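J.: Have a look at this one before I ask anything.
The values are calculated or read from the model by the stated rules, or taken from the named source; none is laboratory data. Quick caveat, the model's predicted, so the values are computed rather than measured. Cβ: placed from backbone, ideal geometry, glycine included. Neighbour counts: every protein chain shown.
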Amino acid sequence: MDRYLLLVIWGEGKFPSAASREAEHGPEVSLGEGTENQPDFTAANVYHLLKRSISASINPEDSTFPACSVGGIPGSKKWFFAVQAIYGFYQFCSSDWQEIHFDTEKDKIEDVLQTNIEECLGAVECFEEEDSNSRESLSLADLYEEAAENLHQLSDKLPAPGRAMVDIILLLSDKDPPKLKDCLPTVGALKHLREWYSAKITIAGNHCEINCQKIAEYLSANVVSLEDLRNVIDSKELWRGKIQIWERKFGFEISFPEFCLKGVTPKNFSTSNLNTDFLAKKIIPSKDKNILPKVFHYYGPALEFVQMIKLSDLPSCYMSDIEFELGLTNSTKQNSMLLLEQISSLCSKVGALFVLPCTISNILIPPPNQLSSRKWKEYIAKKPKTISDEGIGA
C-alpha cells in the first residue's frame, strides 16, 4: 500500500522540544528538555525530521505482500505528504498530496512549506500591528471552518480504500491548546479520515493527556510526547484493519479493530511442523518480470478468520516462506489485545488460518462516491448515535 502522511499543526509555531533541534541539526543532538534558544518547531522542520526518520527505517529486505496475480506485478510503494497549519488567525493547507522523494536531500515539498511559513509569519505580523478591534472581529470558528473544508478537499483526493494507508500527526501547542468545541469542524474532518479511511491519528505534544483528552478520545488517537515524534510513523506497516470472525451457528459476525500487518526481515523459516511435501516445492522466479504489466492491488478492510488448523495438515499450496508480524495500532482496545494474546499463545503445531481479500485491477479504481466529504456531511447531519463506517452508503 502507498502511505499518505498528513501533518496538522495548531499553535504558534513554537514548541519547546529538543525534537525541533534534531530536525534542524541531525539525530546526534540529544533529546533532553527543550530550551528557549531552540528553533521553532515549524512544518518544514517536522517534515524534515519525519522524512529522515522514515528513510532510515526502510529496509529493502523486509517482507512485502507478494503479487496476487501471474498476469502483472504491483508497483513500488510510494509516500505522499500534506500539511494543514493554523498560526494565530491565519491558516494554510496543501492543495494536494505531494510525493516524498527519499533519494533527494531537499524536495519540492520543503520549498512549498517554507513559502507558506513565510506568508503565515508575515500575516501574523500584520495582525500584531493592527488594533485590537480588528483582531476581535476575526472569528476563530470561521478559521476552523475554513481549515475543515481544506481537509475535506484533501480527503477527496485520496485513492480508493485498500490502496493506501493514512497517518495523521496532530501537533498541538502547550501554551494555548484549542478546546474541542472551538475546533469541532476541523476535528470532524479528521474524524471523517479516521472512520471512513481508517486513518491512524497520533497527537503529539507535552501534557496532551490533560490538555487534549477530549480530542484524543473523540478521534481514538494515540498520544505521545514531542520527544517521540520521530517514532510515530512505522514504515514496516503494510496493512491496517480489523479481524473478522463469522459465527456460523448463530449467523452474526464479531469484529476486532485496530490490527495491522508488518513486514519483517527474513530469517530461517522453520518447517518442522509442516507437510513434508512443502519442502520439495520451490518457487522458480519468473524471468519475464520486466515485461509484465503493472497492476494495482486493493486489499480488504478485514482479515477474515477461516478456521483453526493443525499445521501438518495444511496443504503445501497454502504455505510460503514469507512472514509478517500481526500487531495492534492502538492498545486501548481490550478485546483486540485479548485476541492477539490468544493467537500469540498458540503452540507451534496449531495455527489460525485467515484470508485477506485482494482486488486486482489494471487501472486505478476511482474512490467511491459514498466516501466523499459530501456524503460524510450528509451522514453527520443525520446526527447518528455512533459514528462508524456503518454510515457508508447511507
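J.: Could you list, in sequence order, all residues of the range 48-76 that are in contact with a strand residue (DSSP E or B) (Cβ under 6 Å, 6 or more places away or on another chain) and under 18 Å from D107 (Cβ atoms)?
T.: Within the range 48-76, none qualify.
J.: When you scan the range 197-284 for strands (runs of 3 or more DSSP E) that lie fully inside it, which ones turn up with 1 or more residues that are modelled with pLDDT of 90 or more, in contact with an Asp or Glu (Cβ under 9 Å, 6 or more places away or on another chain) and over 24 Å from A43 (Cα atoms)? Let's see the steps before the verdict.
T.: Values: elements: 200-204, 222-224, 237-247, 252-263.
Of the strands (runs of 3 or more DSSP E) lying wholly inside the range 197-284, those with at least 1 residues that are modelled with pLDDT of 90 or more, in contact with an Asp or Glu (Cβ under 9 Å, 6 or more places away or on another chain) and over 24 Å from A43 (Cα atoms) span 237-247, 252-263.
J.: Let me spell it out: the conditions are (1) without any contact (Cβ under 8 Å) to a residue 12 or more places away in the chain; (2) surrounded by 20 or more Cβ atoms within 10 Å (Cβ to Cβ), and V187 meets all of them except one. Which number is the exception?
T.: Single failed check for V187: (1).
J.: Here's a follow-up. How many residues are among the small types (G, A, S) and in a helix (DSSP H, G or I) if we restrict to the range 325-342?
T.: Step one: list which residues in the range 325-342 are among the small types (G, A, S), which gives 327, 331, 336.
Those left that are additionally in a helix (DSSP H, G or I): 336.
Residues in the range 325-342 being among the small types (G, A, S) and in a helix (DSSP H, G or I): 1 in total.
J.: State which residue is farthest from K175 (Cα to Cα) when the search covers only the range 63-90 and only residues that are of a type outside the set (V, I, T) and buried (at least 20 other Cβ atoms within 10 Å of the Cβ). Even if it seems obvious, please write down each step before you answer.
T.: Keep residues of the range 63-90 that are of a type outside the set (V, I, T), which gives 63, 65-69, 71-72, 74-82, 84-85, 87-90.
This time we only want the ones that are buried (at least 20 other Cβ atoms within 10 Å of the Cβ), so: 63, 79-82, 84-85, 87.
Numbers: S63: 43, W79: 32, F80: 30, F81: 27, A82: 25, Q84: 19, A85: 16, Y87: 13 Å.
Filtering first and then ranking leaves S63.
J.: Can E24 be described as of a type outside the set (A, V, I, L, M), at pLDDT below 50 and either assigned by TED's automatic domain parsing to the domain that holds H297 or part of a helix (DSSP H, G or I) (or both)? It would help to see each step written out before you state the result.
T.: Values: of a type outside the set (A, V, I, L, M): yes; at pLDDT below 50: yes; either assigned by TED's automatic domain parsing to the domain that holds H297 or part of a helix (DSSP H, G or I) (or both): yes.
When the stated conditions are applied, E24 passes them.
J.: Tally time: how many residues in the range 332-352 are within 25 Å of the chain's Cα centre (by Cα), without any contact (Cβ under 8 Å) to a residue 24 or more places away in the chain and surrounded by 12 or more Cβ atoms within 10 Å (Cβ to Cβ)?
T.: Number satisfying all stated conditions: 2.
J.: Among the residues of the range 370-393, is there at least one that is in contact with a helix residue (DSSP H, G or I) (Cβ under 9 Å, 6 or more places away or on another chain) and within 24 Å of G263 (Cα to Cα)?
T.: No.
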